[in-house]
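For reference, the structure is listed below as structure tokens.
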Amino acid sequence: TTLEKLSLASGSLVAGESYTFSLLLRDTFGQEGVTTHTVIAETAALPIVSIVGVATGEVSRSRALSLNGDVSLSSCGSSSSSTFFWESVGGPLFPISSKTITSSNINIPANTLVSGNTYTVRLTATTGAIASYADMTLVVRSSDLVASIQGGDRTVTSS
């Protein structure tokens, strides 16, 4: 098993306390190696991320959708150095434009999401080495049916 990153819940470590992490590696021949690293937990401004867009999370398939992200810090500090990353994390996955994936806002074109499905969109904001995220659940309702007659002129006459 390859583990590239170890993530701990923000309340797992107590500020000012010392923690030692050990990594044991064993190859297919049974040879082992151990490395350790000691850290002291510090308090830091945790980015508070929010997504503004639709209040209820219910969206229409036939309408484009704009979602705006916002980040503020839980204590003094500037959020101007925050980076953003949008992703589809729940329900059927859908692509997010490479033009806006690292922007503070995204636009989802009309007819991208499928009626009757529920999607979860995540915005992750990183400030320095600290990241936080917010999720928004989108429930897609069907759109009104619009009849389109090829070659028709939409003229109605009565006799």
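The values are calculated or read from the model by the stated rules, or taken from the named source; none is laboratory data. Keep in mind the model is a prediction, meaning the values are calculated, not measured. All Cβ positions, even for glycine, are placed from backbone atoms using ideal geometry, and neighbour counts span all protein chains on display. Quick note on the areas: whole protein, heavy atoms, side chains included, nothing else; ligands and nucleic acids left out. Shrake-Rupley method; radii C 1.70, N 1.55, O 1.52, S 1.80 Å.
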- Item | In Å², nearest 10: area of residue 141 left accessible to a 1.4 Å probe | 110
- Note on the structure: antiparallel share of DSSP beta bridges within the range 60-138, to nearest 5, in %, is 100
- Query: How large is ³J(HN,Hα), in whole Hz, for each residue of the range 110-121 in order, when computed from phi with the Karplus curve 6.51 cos²θ - 1.76 cosθ + 1.60 and θ = phi - 60°, using x for Gly and Pro?
  - Reply: 4, 6, 7, 8, 9, 4, x, 9, 10, 10, 10, 10
- Message: If each residue of separation counts as 0.36 nm, what is the full-extension length gain between residue 101 and residue 117 once their alpha-carbon separation is subtracted?
- Response: 3.6 nm
- Query: How much length is gained on full extension from residue 89 to residue 110, taking 0.36 nm per residue of separation minus their Cα-Cα distance?
  - Reply: 5.6 nm
- Message: Between residue 27 and residue 48, what is the label-point separation in nm under the 7 Å Cα-to-beta-carbon projection?
- Response: 5.1
